[in-house]
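The values are calculated or read from the model by the stated rules, or taken from the named source; none is laboratory data. Predicted, not measured: the structure shown is a model, and the values here were computed from it. Cβ placement follows ideal geometry from the backbone for every residue including glycine, while neighbour counts extend to all protein chains displayed.
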């Protein structure tokens, strides 16, 4: 329920509305006859739709489309038969080019409204495959009372339960087309009701991590081994925290090339990597083009993870200081850079509560690159400004915190927002990934 919602019974009859906009979560925005806003699942701007109200709120109501009386030109037939029930996608009914236009408008609107800034140059959006692009995912698993089958998938859009899906058009096809086989394999286990989720990681092969609340029997292990062999999967069992991760049989290393070159990063099946492999490569290439590192430049990279940007930066000849808060990722990052023959100073530090006496934080830098979580990087901005960095590339997964931080960099620290643009990291969702370039005037 949205903030401010009240539990009043919605009317039983449908109502007709004109849709005027898209909300940040991908729902249509309309006004009812009395002027009250209603967020409409399944509606697009420019459409006249009939809807059924699901919830009433003080400030706005919520509804779902029951009929489209006048369709938008950008409306398309969703490819996935589960669209509308499964909550994994929100925009399959909108043409991919129009999805990108929506994300582009959203970025610019939030930069202006929240940060009070506008880029001097708007970068063309980066786009790639829109189907079977997703190489990392966490799927829920549920055996419902009275059902012999097991459900494997994302949560439903309108209910907090696992959607009963047989395939997924956005997951890597090697697993997205095999969800029924995975569900069947799990249903035959003695601990089928004790497996709440499956983690998916895809590279040259597919790795699946079964989160298990009870240990599997010998018969379970044999069944899982047959399933893995039949589909060329590597299986892992996780019975507790990340340290409990155990391969079920031989496990091949997961590797990928961050910029599409010869050098590869090795990662674990629970590690964070960019969800979309193609856009992840373009992301690195564009970041380095904008940052323009030269041999000998001192570069500060924040939220470095296991080295997605670090490795290409180091290979440019720049001297890189990479900072990451997660100890496991720092260790993996150091191993990755050493494996590729690159010398990088990898530092573990809490970037939400920086130690102002830390030597790396008191050093001078020519350039900076950061890829923070949704919460942004507000705590690090004063240190970035004092570092002397002449150019900053900021990769963002949340336009609101990027806009906030952009406003601070421009209005408090004297940077200019030279360029910004979106990247279609998550097609068919309302998620907005973006990149911004800041420079000292």
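Among the residues of segment 58-69, none qualifies, meaning not one is crowded, with 17+ Cβ neighbours inside 10 Å, at pLDDT 95 or above and not in a strand (DSSP E or B). Among the residues of segment 176-189, those identified as in a loop (DSSP other than H, G, I, E, B) and either farther than 14 Å from residue 142 by Cα or touching a residue at least 40 places away in the same chain (Cβ under 8 Å) (or both) are 177, 178.
The residue list 143, 136, 151 contains one member that is surrounded by fewer than 22 Cβ atoms within 10 Å (Cβ to Cβ), more than 30 Å from residue 416 (Cβ to Cβ) and within 20 Å of the chain's Cα centre (by Cα), which is 136.
Might you let me know whether segment 416-425 holds any residue that is over 19 Å from residue 124 (Cβ atoms) and either out of contact with any helix residue (DSSP H, G or I) (no Cβ under 9 Å at 6 or more places or on another chain) or in contact (Cβ under 8 Å) with a residue 40 or more places away in the chain (or both)? The answer is yes, given that some residue of segment 416-425 is over 19 Å from residue 124 (Cβ atoms) and either out of contact with any helix residue (DSSP H, G or I) (no Cβ under 9 Å at 6 or more places or on another chain) or in contact (Cβ under 8 Å) with a residue 40 or more places away in the chain (or both).
When residue 266 is tested against the conditions (1) at pLDDT 95 or above; (2) in contact with a helix residue (DSSP H, G or I) (Cβ under 8 Å, 6 or more places away or on another chain); (3) surrounded by fewer than 16 Cβ atoms within 10 Å (Cβ to Cβ), the lone failure is (3).
Name every residue in segment 224-242 that is within 18 Å of residue 329 (Cβ to Cβ) and either in a loop (DSSP other than H, G, I, E, B) or over 24 Å from the mean Cα position of the chain (by Cα) (or both), in order of residue number. Within segment 224-242, 241 is the sole residue that qualifies. Sub-9 Å Cβ pairs linking a first residue in segment 210-228 that is at pLDDT below 95 to a second residue that is exposed (fewer than 11 other Cβ atoms within 10 Å of the Cβ), at least 6 apart or interchain, number zero.
Test residue 164 against the stated conditions and say whether it is under 21 Å from residue 85 (Cα atoms), touching a strand residue (DSSP E or B) at 6+ places or on another chain (Cβ under 8 Å) and in a helix (DSSP H, G or I). Answer is no for this residue. Does residue 100 count as in a helix (DSSP H, G or I) and touching a helix residue (DSSP H, G or I) at 6+ places or on another chain (Cβ under 6 Å)? In short, no. Among the residues of segment 237-258, the ones that are closer than 29 Å to residue 312 by Cβ and at pLDDT 95 or above come to 8 in all. Considering 132, 104, 93, the condition of being closer than 14 Å to residue 424 by Cβ and at pLDDT 95 or above is satisfied by 104 alone. Checking each residue of segment 198-211 against the condition of being over 30 Å from residue 266 (Cβ atoms) and part of a loop (DSSP other than H, G, I, E, B) gives no match.
Here's a check for you: in segment 135-165, which residue that is in contact with a helix residue (DSSP H, G or I) (Cβ under 7 Å, 6 or more places away or on another chain) and touching a residue at least 40 places away in the same chain (Cβ under 8 Å) is nearest to residue 424 (Cα to Cα)? Result: 135. Restricting to segment 358-372, and then to whatever is out of contact with any helix residue (DSSP H, G or I) (no Cβ under 8 Å at 6 or more places or on another chain) and either part of a strand (DSSP E or B) or in contact (Cβ under 8 Å) with a residue 12 or more places away in the chain (or both), can you tell me which residue is surrounded by the fewest Cβ atoms within 10 Å (Cβ to Cβ)? The residue in question is 364. Note on segment 323-336: residues that are within 16 Å of residue 258 (Cα to Cα) and surrounded by 24 or more Cβ atoms within 10 Å (Cβ to Cβ) total 2. Here 255, 292 are screened, and the one residue that is under 30 Å from residue 434 (Cα atoms), more than 23 Å from the chain's Cα centre (by Cα) and surrounded by fewer than 21 Cβ atoms within 10 Å (Cβ to Cβ) is 292.
In the set 307, 280, only one residue is within 30 Å of residue 186 (Cβ to Cβ), buried (at least 21 other Cβ atoms within 10 Å of the Cβ) and in the same structural domain as residue 386 (by TED's automatic domain parsing); that residue is 280. In segment 324-338 there is at least one residue that is in the same structural domain as residue 360 (by TED's automatic domain parsing) and assigned to a loop (DSSP other than H, G, I, E, B). Evaluated against (1) surrounded by fewer than 22 Cβ atoms within 10 Å (Cβ to Cβ); (2) farther than 17 Å from residue 142 by Cβ; (3) under 26 Å from the mean Cα position of the chain (by Cα), residue 218 falls short on exactly one condition, (3). Taking segment 346-357 as the search range and keeping residues that are at pLDDT 95 or above and closer than 15 Å to residue 301 by Cβ, which one is surrounded by the most Cβ atoms within 10 Å (Cβ to Cβ)? Per the criteria, the residue is 346. Based on what the data block shows, is residue 124 modelled with pLDDT of 95 or more and either within 30 Å of residue 411 (Cβ to Cβ) or touching a helix residue (DSSP H, G or I) at 6+ places or on another chain (Cβ under 6 Å) (or both)? When the stated conditions are applied, residue 124 passes them.
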